[in-house]
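A short write-up of the structure that comes next.
The values are calculated or read from the model by the stated rules, or taken from the named source; none is laboratory data. The model shown is predicted, which means the values in this text are computed figures rather than measured ones. In this analysis, Cβ positions are derived from the backbone assuming ideal geometry, glycine residues included, and neighbour counts consider all displayed protein chains. Areas reflect the complete protein model, heavy atoms only, side chains present, ligands, DNA and RNA absent. Shrake-Rupley method; radii C 1.70, N 1.55, O 1.52, S 1.80 Å.
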Amino acid sequence: MPANPKYLTQSKWQRFAKITAAILGGYFVSVTFHLALASWFNRANILITMAFSGFILWVALMVIAFLAKNGWKIWMVYILLSLIFSLLIYLGQTYNTTAQ
């Protein structure tokens, strides 16, 4: 049974934004989150755990991107989260010398 067209995104740009936010944006957020954890905690344990939890987080972020009403807003949220996690990576590598 096909989907009801009134529930589908009509704009091709919105569809493009949601698809790219789901795939690329979700991946960037997932990776930067785990790297931020690795810069503050035991790096080996976090990176081994990332093989499983990173994929689960990526899929959850994909679902969230497709549930959003506006693809560009979800892109901004994912970029903001990636920048915050990147700042945490920088601070962790600068100030935390015990997590190696």
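In a residue-by-residue description of region 45-65, the property of being outside any loop (DSSP other than H, G, I, E, B), open to solvent by 90 Å² or more (accessible area, probe 1.4 Å), closer than 22 Å to Ile19 by Cβ and touching a helix residue (DSSP H, G or I) at 6+ places or on another chain (Cβ under 6 Å) applies to no position. Of the residues making up region 66-85, those that are assigned to a helix (DSSP H, G or I) and open to solvent by less than 50 Å² (accessible area, probe 1.4 Å) number 6. If the Cβ limit is 8 Å and pairs must be 6+ apart or interchain, which residue in region 19-37 that is under 12 Å from Gly71 (Cβ atoms) pairs with which residue that is hydroxyl-bearing (Ser, Thr, Tyr) and in a helix (DSSP H, G or I)? Between residues of region 19-37 that are under 12 Å from Gly71 (Cβ atoms) and residues that are hydroxyl-bearing (Ser, Thr, Tyr) and in a helix (DSSP H, G or I), the close pairs are Ala21/Tyr78; Gly25/Tyr78; Gly25/Ser82. On the basis of being assigned to a helix (DSSP H, G or I), surrounded by 12 or more Cβ atoms within 10 Å (Cβ to Cβ), in contact with a helix residue (DSSP H, G or I) (Cβ under 7 Å, 6 or more places away or on another chain) and without any contact (Cβ under 8 Å) to a residue 24 or more places away in the chain, does Ile89 make the cut? Answer is no for this residue.
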